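Asks: Before I ask anything, here is the structure I am working with.
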Amino acid sequence: MRNKSIFSQIDKPLLIMSILYSIVGLIMVLSASSVSAVLIYDQSPYYFFFRQIVFVLVSYFVGFIIVLRKPIRKYKNYLPFFLIGILGLLIYLIAYGLIVNGARSWIDLGFFSIQPSEFAKTVIILFMGIFYGDYAKKYRKKEDKFQFFIPIAYAIIVFGLVAIQPDLGTAIIIAGITFLTFLAVPFDKTKVMKVLKIVSGAIAVIALVFLVSGADILDNILTDTQKSRLTYKEPCTRYTEETGYQVCNGFIAFNNGGLFGKGLGGSTQKYLYLPEAHTDFIFPIFIEELGLLTGILFIIGYMVIIYRILKIAKESVQLRNSIICYGIAMYILLHIIVNFCGILALIPLTGVPVPFLSYGGSFTMNLIICIFIVERICYENNISRSKVEIKKGLRN
């Protein structure tokens, strides 16, 4: 009865859209990865599909059985373990991390690998929501003013640890989530000015360092592959070079697809023209097979998902819950913007996956868990609203 009660109070359009997009993602992972699975990895054409379906099913199982039943207020009890755990894992990666695509971002568990930086995004969102939710109630005194920036300091440390892996794409997403979520916090104007001064000062120092020794800094921080990605404009003029090959083939996939696509499974670019087509470049395969019109509808669907999450944020009684929902919405939005801008050569490629579409265990699990955190908040909003209505009824 309790499970039925919870299910009746969640946002069903958001859940349906999430499940639908997960199914589409599985289909596209199968289509985009079948060739490379055989020719590059010497595996079955279904290798990545079967792995991804396990990630999806486990994520939804955890979401329905654990996350949906866990009150958001109880995350405060686990938060110290989350915060310390993420820092510990990121520090561990510096020496013992598995290197993939030039970044030491993975921990090999044998049967699969995890990417701690993906879960760091959610931990930062939860930290900001819980901390600033409590701050609004307890810490308004002047002597506590420096505590206001504790989550920002933690996020900066995480950003640094991820950047030195180096995984600049994930680091940029973490910085964006932190900044945009911070804007959702209802602080006063004096704090706004203080934040702007701190940010401006940090930018000025970084700019000065780069002016003095910019080339040397880039040489020491970035890998050769990442430095090459800084050359990203007009990729098809550099088709024979690594800096243009992948993006230009993405353009070719867009052109091949036209308005209506070549049909599911009909992509030619997945025949090793687009390396790792089932991850960062899965959307060009999507367009090539299903067409631009379907792609536009799919993007509109993303906006519906984000709208539903922001709606739940706006309706939240607790500031904590509102900030968490807003942070998750920004998490999804940033992944969409950064990936699409990268494959369209509007910004350098950063290796950021597409929500629900791209193959990836850590990203998939973290994303779906985030959706269920939002659904739990929706449930709590509806329960709070029902209690208020009952009280009003009793008074009348």
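The values are calculated or read from the model by the stated rules, or taken from the named source; none is laboratory data. What you see is a predicted model, and the numbers here were worked out from it, not measured in a lab. No Cβ is skipped: glycine too gets one built from the backbone with ideal geometry, and neighbour counts run over all protein chains shown.
Asks: Search the stretch 33-44 for residues that are without any contact (Cβ under 8 Å) to a residue 60 or more places away in the chain and in a helix (DSSP H, G or I) and pair each with any residue that is surrounded by 13 or more Cβ atoms within 10 Å (Cβ to Cβ) and not small (Gly, Ala, Ser) when their beta-carbon atoms are under 7 Å apart and the residues are at least 6 apart or on different chains.
Replies: Close Cβ pairs (under 7 Å, with a partner that is surrounded by 13 or more Cβ atoms within 10 Å (Cβ to Cβ) and not small (Gly, Ala, Ser)) amount to Ala37/Gln43; Ala37/Pro45; Ala37/Tyr47; Ala37/Phe48; Val38/Pro45.
Asks: Of the residues Gln226, Gln246, Gln269, which single one is buried (at least 18 other Cβ atoms within 10 Å of the Cβ) and modelled with pLDDT of 90 or more?
Replies: Of Gln226, Gln246, Gln269, the one residue that is buried (at least 18 other Cβ atoms within 10 Å of the Cβ) and modelled with pLDDT of 90 or more is Gln269.
Asks: Can you name the residue in the stretch 290-329 that is in a helix (DSSP H, G or I), in contact (Cβ under 8 Å) with a residue 12 or more places away in the chain and among the hydroxyl-bearing types (Ser, Thr, Tyr) and, of all such residues, is nearest to Val123 (Cα to Cα)?
Replies: Checking each candidate, the answer is Tyr326.
Asks: Follow-up question, since we're still on this one. Sort out which residues of the stretch 81-104 are modelled with pLDDT of 85 or more, over 20 Å from Thr181 (Cβ atoms) and not aromatic (Phe, Trp, Tyr), and write them in order of number.
Replies: Correct list: Ile84, Gly85, Gly88, Leu89, Ile91, Leu93, Ile94.
Asks: Shifting gears a bit: Looking at the stretch 134-145, is at least one residue under 21 Å from the mean Cα position of the chain (by Cα), closer than 29 Å to Ile368 by Cβ and modelled with pLDDT under 85?
Replies: no
Asks: Within the bounds of the stretch 346-359, is there any residue that is at pLDDT below 95, surrounded by 24 or more Cβ atoms within 10 Å (Cβ to Cβ) and small (Gly, Ala, Ser)?
Replies: Yes.
Asks: I would also like to ask the following. Taking the stretch 311-349, which residues are closer than 26 Å to Val56 by Cα and touching a Leu at 6+ places or on another chain (Cβ under 6 Å)?
Replies: Ala329, Met330, Gly342
Asks: Moving on. Tell me, yes or no, whether the stretch 326-335 has at least one residue that is in contact with a Cys (Cβ under 6 Å, 6 or more places away or on another chain) and at pLDDT 90 or above.
Replies: yes
Asks: Mind listing just one residue for me: the one in the stretch 340-357 that is touching a residue at least 24 places away in the same chain (Cβ under 8 Å) and assigned to a helix (DSSP H, G or I) and, of those, farthest from Leu26 (Cα to Cα)?
Replies: Per the criteria, the residue is Gly342.
Asks: Residues in the stretch 34-46: is at least one under 30 Å from Phe159 (Cβ atoms), buried (at least 21 other Cβ atoms within 10 Å of the Cβ) and either modelled with pLDDT under 95 or of a type outside the set (D, E, K, R) (or both)?
Replies: Checked the stretch 34-46: no residue is under 30 Å from Phe159 (Cβ atoms), buried (at least 21 other Cβ atoms within 10 Å of the Cβ) and either modelled with pLDDT under 95 or of a type outside the set (D, E, K, R) (or both).
Asks: So if I check each of Glu315, Glu375, which one is surrounded by 19 or more Cβ atoms within 10 Å (Cβ to Cβ) and charged (D, E, K, R)?
Replies: Glu375
Asks: Among Ile337, Ile332, which is surrounded by fewer than 23 Cβ atoms within 10 Å (Cβ to Cβ), in contact with a Pro (Cβ under 7 Å, 6 or more places away or on another chain) and in a helix (DSSP H, G or I)?
Replies: Ile332
Asks: Residues being at pLDDT below 90 and among the aromatic types (Phe, Trp, Tyr): count how many of those fall in the stretch 272-302.
Replies: The total comes to 1.
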